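Working notes, beginning with the structure itself.
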Amino acid sequence: MDASLWSLFGSALISSTLLPGGSEAVLVYLSSDATYSPITLLLVAAAGNTLGGMTSWGLGWFIAVKYPARGLLKPEQQQAVNRIQRWGSPLLLLSWLPLVGDPLCVAAGWLRLHWLLSLVFIGVGKTARYAALLYWLA
């Protein structure tokens with residue numbers, strides 16, 4: 001993999017954590033360059049973004065050690081926890097959404113949603129977003 005693809009991977013990874021990033025801009029630029037096939041760009045961006053989502057999930061898992069969900073006392077907090085637990089891992093299909101996607105991944109880890117199901121749903125959601133963007137660019 002060359003520097004451009006590593007840049008896309010790194011940008012996608014950072015964009016999928018609680019840090020700001022601009023992986024879409026990198027993807028659009030590399031797509032317009034036409035050096036790489038859309039499938040290569042899709043796989044690299046999706047892998048980085050999914051790894052970032054799972055990093056957020058892992059952070060949530062570690063937070064739960066010190067601050068378990070059962071310790072929430074405010075009703076609105078408990079309502080949010082109940083919604084995530086009711087919908088479960090499929091809710092992570094929305095992990096690509098700006099502002100709420102990254103906290104959803106953290107919450108999924110914090111609530112100890114199964115890691116493999118979380119990985120699958122995070123990956124599908126994030127891959128679908130990049131696929132839609134590449135389709136729109138074509």
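Here, each number is a calculation from the coordinates, and none is a lab measurement. Quick caveat: nothing in here was measured; it's all calculated off a predicted structure. Don't worry about glycine lacking a Cβ; one is built from the backbone with ideal geometry, like all the others, and counts go over all protein chains shown.
Structure data summary
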| quantity | calculated |
| --- | --- |
| Ala138 paired with Val81, simple spin-label distance in nm, labels 7 Å along Cα-to-beta-carbon | 4.5 nm |
| Segment 18-132: relative contact order in percent, alpha carbon pairs under 8 Å with at least 6 residues between | 36 percent |
| Charge dipole magnitude, Cβ of K and R +1, D and E -1 - the chain, Cα centre, debye nearest 20 | 700 debye |
| Label-point separation, Met1 to Arg70 (7 Å along Cα→Cβ), nm | 4.1 nm |
| Cα lying deepest toward the dipole's positive end in the chain, options Leu41, Ile14, Leu94, charges on Cβ | Leu94 |
| Part-to-part distance (alpha-carbon centres) for segment 56-91 and segment 1-37, which is given in Å | 31 Å |
